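The values are calculated or read from the model by the stated rules, or taken from the named source; none is laboratory data. Keep in mind the model is a prediction, meaning the values are calculated, not measured. No Cβ is skipped: glycine too gets one built from the backbone with ideal geometry, and neighbour counts run over all protein chains shown. Surface accessibility is based on the protein's heavy atoms, side chains included, excluding ligands, DNA and RNA. Shrake-Rupley method; radii C 1.70, N 1.55, O 1.52, S 1.80 Å.
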Amino acid sequence: MSVLDRVPTENGDLALLAGVCCVLIGVLFAVTPLRAQLPSALYVFVEVGILFVIYGLLVLGLDLQYGHTGLVNFGHVAFFAVGAYGTAMLSAQDTFAGIGLGYPWPLALGVGVVAAAVVGLGVSATSIRLRGDFLAIVTLAAAEILHSIFVNFESIFGGNVGILGVPRPIAALVSDADTRLVATLLVIGGITLVALAGITRITGAPYGRVLRAIRADELVTRSVGKSTVTYKTQAFVYGAALAGLAGGLFALYNGAVAPGFFTIQVTVTVWIGMLLGGAANHRAVLAGLAIIMGLRLISRFALDVTPVSSDVFASIRLIVVGLILVAVIRYRPAGIWGNPQELGVDR
C-alpha cells in the first residue's frame, strides 16, 4: 500500500473540510480589509499554483473516465474549452470580437458547466460503444473539430483573438495584486478539493465498484445485469462537466479566452500527470500533475542559465518529460503511486 493510500481521506471528508476552509479564507481576503504580501520571487509559484488547481479539476475528471472506467479520452481539452467559451460568451462585456452577452458571472459559469456536460453527452452518445484506440481517435477528432470551430467562426467565438472583457470576480473586489493572487489560489484550490471529495465518495461507493468492473471486464459486468453503456456515459459526462468547471474558472481568472489556451498540449499535460502519478488513485494523479507542472516551473529558471535558445530549450524540456514518462511506464507501469493489482498490470 502506497503512502498516498494511507492518508485518512478515503471518504473525502478531510478534502471536503479543507476545501470549504480554503474557499472561506479566500473569500475573507476578497471581501475584508485583510491583505497578503508576497515576495516578488513567489509570484511565479503562486501563478503556476493557480494553473495547477485548475488543471487539477481536469485530471480528476480524466481519472474518473480512464482510471476508473477505462475510457480513453484524448479530447479532454474540448470540454475545458466549451466550459471556458460558454462562461466567457455569456458574461463578457464590451468584447473586442465575438459575442458577449453580459449576464452575471455565476449564471454564466453554471451554463458553461452544463454546456460542457451536454457536449460530453453528445460525444458519448455517438462513440461510447467504441473501445480503446477507436474511442481515443474519435475524442481527439472531436477536440480538433471544436478547435477549428472556435477559430473559424469569428463573429461568434472571436477567431484567434477570442473573447475579451470576461469579468474577473476576485480582481473586481481586490485591487492589491498580492492579495488577489492568494485569494484566487485559495478559492479555486478549495473548489478543487471539494471536487476531490465528491469524486472520492462516488468512486468509493458501489457505483464506483461498477465502474472499475467495467474497466476490468465489460462483458462480465454486462452479464450480471449492469447497463455498461449507461455507466460509461455517466462517467464520461461527469468528467466533461468537471472539465467545463475548470474552463469556466479559467475564463473568470484570466479575463479572456482564445483558441491558443486550449491546444492538445493541455490534454497531453493532464494525461502525463495522471499516468505518472497512477491512474485510479485521485490523490496520486494530482501528485503526478504537480510533478509535471513543477518541472515546467523549474525549467523557467533553468532557461536563464543554459546557453541555448528558448526554442531549443522548449524541445529539451519535452524530451526530458518524455524520458521521465518512458522510465515510469517501463519500471512502474501503474504509476509512481498506482496500484498494479488494481490496474491489472504486471508490476
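Would you check the accessible area of V44, probe 1.4 Å, heavy atoms only, in square angstrom rounded to 10?
30
Could you order T126, T228 so the one with the most accessible surface comes first? Probe is 1.4 Å.
From most exposed to least exposed: T126, T228.
Using +1 at the Cβ of each Lys and Arg and -1 at the Cβ of each Asp and Glu in the chain, identify which of I319, A41, V31 lies farthest towards the dipole's positive end.
Value computed over the given set: I319.
Once every Cα of the stretch 220-286 carries one equal point scatterer and solvent is ignored, give the base-10 log of I(q)/I(0) from the Debye formula at q = 0.13, 0.14, 0.22 Å⁻¹, two decimals.
Normalising to I(0) and taking log10 leaves -0.56, -0.63, -1.09.
Could you give the accessible area per residue of the stretch 1-112, probe 1.4 Å, as a whole number in Å²?
45
How big is the charge dipole of the chain about its Cα centre, in debye rounded to the nearest 20, if each Lys and Arg gets +1 on its Cβ and each Asp and Glu gets -1 on its Cβ?
Using Cβ point charges on Lys, Arg, Asp and Glu, the chain gives about 700 debye.
Roughly how many debye, to the nearest 20, is the charge dipole of the stretch 97-185 about its Cα centre, given +1 on each Lys and Arg Cβ, -1 on each Asp and Glu Cβ, and no other charges?
240
How big is the stretch 225-347 by Rg and Dmax over its Cα atoms, in Å?
So, for the stretch 225-347, Rg and Dmax equal 17.5, 62 Å respectively.
Give me the percent of the accessible area of the chain that comes from carbon and sulfur atoms, probe 1.4 Å, all protein chains in place.
68
With mean projected area of the Cα convex hull in nm² as the read-out, I listed (1) 22.6; (2) 18.4; (3) 17.4; which label goes with the value calculated from this structure?
Of the listed options (1) 22.6; (2) 18.4; (3) 17.4, (2) comes from this structure.
Please report the spacing between the Cα centers of the stretch 59-116 and the stretch 301-323 in Å, no decimals.
Cα centroid to Cα centroid, the span is 32 Å.
Over the Cα atoms, compute the radius of gyration (one decimal) and Dmax (the largest Cα-Cα distance, rounded to a whole number) for the stretch 1-114, in Å.
Over the stretch 1-114's Cα set, Rg and Dmax evaluate to 18.1, 54 Å.
Counting only heavy atoms of protein chains, what accessible area per residue, in Å², does the stretch 122-267 have with a probe of 1.4 Å?
Result: 44 Å² per residue.
Between I156 and I25, what FRET efficiency comes out of the Förster formula 1/(1 + (r/R0)^6) with R0 = 41 Å and r the beta carbon distance, rounded to 0.05?
Calculated transfer efficiency: 0.60.
Given the options Y66, G122, L186, identify the residue whose Cα lies farthest towards the positive end of the charge dipole of the chain (+1 on Cβ of Lys, Arg; -1 on Cβ of Asp, Glu).
Towards the positive end, the residue furthest out is Y66.
Just the accessible area per residue of the stretch 288-333, please: how many Å² with a 1.4 Å probe?
66
Out of I149, I50, G239, whose Cα points farthest toward the positive end of the dipole of the chain (charges: +1 Lys, Arg; -1 Asp, Glu; placed on Cβ)?
G239
How much mean residue ellipticity at 222 nm does the chain get from its helices, if each DSSP H run of length 4 or more adds -39500 (n - 2.57) and you divide by all residues, to the nearest 500 deg cm²/dmol?
Dividing the helical sum by the residues of the chain leaves -23500 deg cm²/dmol.
Could you please put S299, S315 in sequence from largest to smallest accessible area, using a 1.4 Å probe?
S315, S299
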